[in-house]
Every structure is written in structure tokens, then in C-alpha cells.
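Asker: Before anything else, here's the structure in question.
The values are calculated or read from the model by the stated rules, or taken from the named source; none is laboratory data. Predicted model, so just to flag it, every value in this text is computed and none were measured. Here the Cβ is made from the backbone with ideal geometry for all residues, glycine too, and neighbour counts use every protein chain on show. Side chains included, ligands, DNA and RNA excluded: accessible areas come from the protein's heavy atoms. Shrake-Rupley method; radii C 1.70, N 1.55, O 1.52, S 1.80 Å.
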Amino acid sequence: MGSGINTFYYIFGMAEPPFRCRLPQNIWPHEDQYHYTNSTHQVLIDTWISSTSKCELIDGFKCTDFVYDRNDFGRTFTEDANFVCSNAIKRTWLATAYQIGMTSTLISGPLADKIGRRKMIQIITIIIFVISLIIQMCLQLIRMTINIKFALLLINQFVCGMSAYSIVFLLLIELTSSSHTSLAGNLSLIASTFGEVIAAITAYVISDWLNLKWFNTIYLGFILLYLYFVPESLYWLFSQKKYTELEVCLRKIAKINKRENTNWFQLYSKLIRDSSSMQIDIEGKRKKKTIRRILIRLCISCLIAFITMLLYIKISYGLGAMNKHFNPHWNIIIGAIVEAIGYVSGSFLITTKLGRKYSLVMFAIFTSICVLIIPFIKERYPIVTIAISQMGKLTISGAVSVSWIYVPELFPLSIRGLSNAIFVFAGRLGAILAPIIDAAIADKYIKITFYVYSGLSFLMIGIIIFLPETRNRSYNDEEIDDSNENNNETSIVKTETQ
């Protein structure tokens with residue numbers, strides 16, 4: 001949920017509310033109301049404010065001071081800093097800083113493979129909380145110029161972008177047996193949609209960018225207390241030969257689930273003996289073949305992440321543009337519900353005969369169809385367009401859900417943190433690129449982007465065919481193509497304790 005709350009802070013805290021030029025002081029002193037207060041005020045607004053540009057007075061003079069409508073978003077940082085008109089570009093820097101912070105997964109992912117999932121999550125959360133708290137106190141207690149506030153917010157956004165979400169996701173699906181990975185993974189994704197709903201509700205209630213930031217920081221503080229009780233990944237402990245810690249964790253799981261030691265301990269003891277005596281001798285040719293296979297899968301996974309997030313942002317931003325006259329808080333809540341339905345449907349389909357691979361193919365096909373239909377009906381049937389777009393968001397959410405579970409299962413445990421970090425990074429590039437493309441292309445050519453994105457979906461379908469199916473395989477498989485009795489026993493031990 002914390003990831004959803006932090007991600008959607010920008011939408012509300014940095015939103016651009018309706019605005020207009022402030023009337024000159026000698027005409028209407030200390031004007032602070034966006035809407036007119038009486039008939040005289042209305043006449044002055046109509047007389048002095050340009051009807052063709054929100055950034056100019058009637059005589060063409062560029063405004064430097066503005067009044068804002070607080071009905072939808074309350075007090076935003078955009079209002080405090082006057083980040084509109086010629087300064088509007090500065091507001092996007094805050095979103096960019098957050099996205100750049102997310103690239104830290106390239107560092108935190110490999111570190112999680114070295115020092116453990118639990119410890120890495122704790123380190124990241126402590127860093128984010130401490131820096132956010134210091135910045136919050138400075139913003140609240142120290143008088144400073146708006147430029148210094150902006151610099152501090154940039155730092156805060158970058159740090160908040162250093163989310164541990166991808167590692168948390170890995171930990172969740174590594175804490176359960178292979179038969180329940182889809183449930184654990186999708187619970188994590190659905191929790192992020194609850195975070196979106198909480199962000200929308202708190203933004204509506206608080207209606208102040210600084211107080212909303214305080215809410216996010218306090219929420220992080222509560223997460224810190226909970227992290228003490230989070231266990232380490234059992235698969236990671238096994239791969240690192242930390243058998244004492246592994247046994248302690250298994251006993252706790254068995255106790256919570258009211259399982260007797262006789263149900264699992266013999267299997268566990270046999271697993272440890274077999275792993276200790278097993279000699280692995282990999283020939284040079286086989287090692288090269290394994291590396292080549294991993295690199296090919298990594299490239300395909302990156303392309304899947306890039307295309308799915310490109311489509312996700314394209315559809316989500318399109319819905320926002322089509323719903324300008326709809327309450328923004330309800331926009332987010334409805335979108336979160338549609339997302340959650342997509343995640344649930346993905347969780348269900350990957351347990352059927354379709355498996356991971358063909359569930360992803362099916363979601364990609366339906367997303368491509370939705371994206372292809374939109375430009376043909378957008379102008380004439382706006383209501384139908386919104387319905388098709390919502391369906392597209394549901395199917396692309398399903399695709400994201402399946403890919404986040406499918407991709408980690410394609411790689412050995414020893415490099416799973418690194419591979420997942422690269423996968424998330426590639427998706428982030430797609431998320432950054434989508435709004436840039438829409439902003440750079442003129443309205444008359446925007447239809448072309450729908451055709452291109454639909455084509456990319458079919459490209460993704462074509463490359464997914466080359467990946468293996470991972471359903472009903474142990475999540476600990478070091479070689480996904482080769483059945484390994486030892487790895488299957490690892491999953492059996494976990495199942496017996498749960």
C-alpha cells in the first residue's frame with residue numbers, strides 16, 4: 001500500500017488546479033478568490049482577464065501572479081510556487097525525480113541477492129523515512145524561499161522513488177510454496193491499488209500538499225515498526241546455506257499453522273543432507289549455454305516490461321484526459337477498482353490450463369484490440385471510448401500482474417533480485433516515455449500512436465512464445481528447463497509447514 005500512496009502523491013500534491021491571472025492591486029486589492037464574489041467582481045474579471053489565454057491580461061501583458069480554484073485539490077505546491085504557464089515545466093521535474101529514484105532497483109536488487117530480502121527492505125525503508133522526516137521538519141519549521149522548498153521536494157521525491165516494492169514482491173512469493181505464488185504476488189499488487197484509494201481519500205480530506213506529505217511520512221514510520229516482525233525469504237536462506245535460520249523460520253511457520261514437526265522435519269533433514277552431499281559439476285559448454293539462455297530471457301523480459309508499462313501509462317493518461325469534468329478523486333478510485341479486478345483475473349487465469357505464458361498472451365491480445373479500437377470511436381462515441389479504455393486498463397493490469405509473477409520464475413534464485421531489478425527498470429523507462437511521446441506529437445498525429453502501441457502488443461505476443469511455461473514448477477528451480485528433485489523437495493517442505 002505504501003507504494004501506491006507515495007506514487008499518487010504527485011497527482012494530488014502537485015496537481016495543476018484551474019487558475020487565472022490575479023487582478024491588479026489597484027483594481028481589486030488582495031484578490032484571493034478564483035470565482036467571482038459579486039457582480040462587480042465578475043465585470044472586472046471579464047474586463048481585465050484575457051478570454052483566450054489563462055496566462056495573460058486583456059492587454060496581452062504576461063501575468064506573474066495568479067489565483068487558484070481549491071475546490072478539487074485544495075492547496076497544492078503548484079499554487080504556492082506558481083508553477084503554471086512558463087513555469088509549468090518545473091512541476092514535471094518532481095515527477096521525473098520520483099521516476100529516477102525508482103532506478104535504484106538496479107542497486108538494491110543485486111544487494112538483496114547478497115544480504116537478503118528482509119535486510120534490504122529494512123535499509124531502504126529506514127533511509128526513506130529518515131530523509132523524509134528531516135525534509136518535512138525543515139519545510140514545516142524553517143522559513144525559506146520557494147526555490148529552496150522546491151529543491152527539498154525534489155530530493156524528497158527522489159528518495160521516495162527508491163521504493164522497496166519490487167523486493168517486497170519477491171519476498172512475498174518466496175515466503176510461500178510454489179502452489180500459492182500467484183495468490184501471494186497478486187495480493188501485493190492489489191494492496192497497491194488500496195494505496196491508490198487511500199491516497200485519493202486522504203488527499204480529499206486533508207486538501208493540503210504539506211500535510212499530505214506528513215501523512216505519507218507517518219505511514220512510513222508505522223511500516224518501520226512492522227518490518228521487525230517480517231521473516232527472511234526461506235528460499236534465500238536455503239540458497240545461502242543458512243540452515244539454522246531456515247529451520248527457525250520453518251518451525252515458526254509450522255507453529256502458526258498448527259502443524260506437527262513430524263509432518264515436515266524428516267523431509268527437511270533429508271533435503272539438507274542431500275544438498276550438503278551434492279556435487280555440482282557444470283561443464284564449460286553447459287555453463288555458456290545457461291548464460292546465453294538467461295541473457296535471452298532477460299532481454300525478452302525487459303521488452304515485456306517496457307511494452308506493458310508503456311501501454312498501462314498510455315491508457316491511464318488517456319482516461320484522465322477523457323474525464324476532465326469528472327471529480328479527480330473518483331477518477332483514481334474507479335481506476336483502482338478496475339486495476340484490482342485486472343489483478344484478480346490475472347491471479348485466477350494463471351492457475352488454469354493457460355498457465356503464466358498463455359494468460360499473458362491472452363491479456364496482451366485483448367489490450368491490443370482495445371488500443372486499436374479507441375482512435376476509430378474516440379470523437380463520435382466518447383462514452384463508449386471510456387468503456388473501452390476501462391476494459392483496456394483492466395486487461396493491461398492483468399498483463400502486468402501475470403508478468404510480475406512470471407518473470408521472476410524464469411531466473412535462478414541466485415540472480416533473481418538482479419533480474420527483477422532490470423525488469424522493473426525497463427518498465428520504468430516505458431512509463432517515462434509514454435507521456436513524453438503524447439506531449440511531443442501533435443493532436444492530428446496522435447492516432448498513429450495507438451496503431452504503433454497495438455503493433456507493439458502483437459510484437460510482445462510473438463516473443464512470449466519463446467519463453468517456457470513455469471506453472472507447477474518449484475519457485476526455487478535453478479534451471480527452469482531441467483526437473484530437479486532436490487528443488488522440488490524444498491517446495492514440499494514449505495507446503496508441509498503451511
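Asker: Which is closer than 22 Å to residue 165 by Cα, out of contact with any strand residue (DSSP E or B) (no Cβ under 8 Å at 6 or more places or on another chain) and either charged (D, E, K, R) or open to solvent by less than 50 Å² (accessible area, probe 1.4 Å) (or both), of 121, 115?
Answerer: 121
Asker: Now for a separate question. Scan the stretch 453-485 residue by residue and report those that are at pLDDT below 70 and among the acidic types (Asp, Glu).
Answerer: Matches in the stretch 453-485: 477, 478, 479, 481, 482, 485.
Asker: Could you check, for the stretch 60-71, whether at least one of its residues is touching a residue at least 60 places away in the same chain (Cβ under 8 Å) and within 27 Å of the chain's Cα centre (by Cα)?
Answerer: no
Asker: Something else: Are there any pairs, at least 6 apart or on different chains, whose C-beta atoms fall under 9 Å, with the first in the stretch 141-169 and without any contact (Cβ under 8 Å) to a residue 24 or more places away in the chain and over 30 Å from residue 236 (Cβ atoms) and the second of a type outside the set (Lys, Arg) and surrounded by 15 or more Cβ atoms within 10 Å (Cβ to Cβ), and if so, which?
Answerer: Taking only residues 6 or more apart or on different chains, the pairs are 144/152; 147/81; 152/135; 152/139.
Asker: Follow-up question, since we're still on this one. Out of curiosity, is residue 344 assigned to a helix (DSSP H, G or I), at pLDDT 85 or above and open to solvent by 20 Å² or more (accessible area, probe 1.4 Å)?
Answerer: In short, yes.
Asker: Any residue that is assigned to a helix (DSSP H, G or I), open to solvent by 50 Å² or more (accessible area, probe 1.4 Å) and basic (Lys, Arg) - is there at least one of those in the stretch 62-71?
Answerer: No - not one qualifying residue is present in the stretch 62-71.
Asker: State all residues of the stretch 396-420 that are open to solvent by 10 Å² or more (accessible area, probe 1.4 Å) and either among the small types (Gly, Ala, Ser) or on the phi > 0 side of the Ramachandran plot (or both); if no residue qualifies, say none.
Answerer: Residue satisfying the conditions is 414 alone.
Asker: So residue 84 ticks every box in (1) surrounded by fewer than 16 Cβ atoms within 10 Å (Cβ to Cβ); (2) farther than 22 Å from residue 222 by Cβ; (3) over 23 Å from the mean Cα position of the chain (by Cα); (4) touching a residue at least 40 places away in the same chain (Cβ under 8 Å) but one. Which box is left unticked?
Answerer: Residue 84 satisfies every listed condition except (1).
Asker: Would you point out the residue of the stretch 230-269, among those that are among the polar types (S, T, N, Q) and under 13 Å from residue 175 (Cβ atoms), that is least open to solvent (accessible area, probe 1.4 Å)?
Answerer: 233
Asker: Can you tell which of 78, 40 is open to solvent by less than 70 Å² (accessible area, probe 1.4 Å), polar (S, T, N, Q), modelled with pLDDT of 85 or more and more than 30 Å from residue 185 (Cα to Cα)?
Answerer: 78
Asker: Sticking with this structure for a sec: Would you pick out the residues in the stretch 124-136 that are under 12 Å from residue 218 (Cα atoms) and surrounded by fewer than 16 Cβ atoms within 10 Å (Cβ to Cβ)?
Answerer: Residues satisfying the conditions are 130, 133.
Asker: Does any residue in the stretch 192-204 that is touching a residue at least 40 places away in the same chain (Cβ under 8 Å) come within less than 6 Å, Cβ to Cβ, of a residue that is among the hydroxyl-bearing types (Ser, Thr, Tyr) and open to solvent by less than 50 Å² (accessible area, probe 1.4 Å) six or more places away or on a different chain, and which pairs are these?
Answerer: Partner pairs satisfying both residue conditions: 192/3.
Asker: Looking at the stretch 236-244, can you tell me whether even one residue there is more than 22 Å from residue 412 (Cα to Cα) and assigned to a helix (DSSP H, G or I)?
Answerer: Checked against the condition, which is being more than 22 Å from residue 412 (Cα to Cα) and assigned to a helix (DSSP H, G or I), the stretch 236-244 yields at least one hit.
Asker: Could you tell me which numbered condition residue 20 fails, if it satisfies all but one of (1) in contact with a Lys or Arg (Cβ under 6 Å, 6 or more places away or on another chain); (2) open to solvent by 50 Å² or more (accessible area, probe 1.4 Å)?
Answerer: (2)
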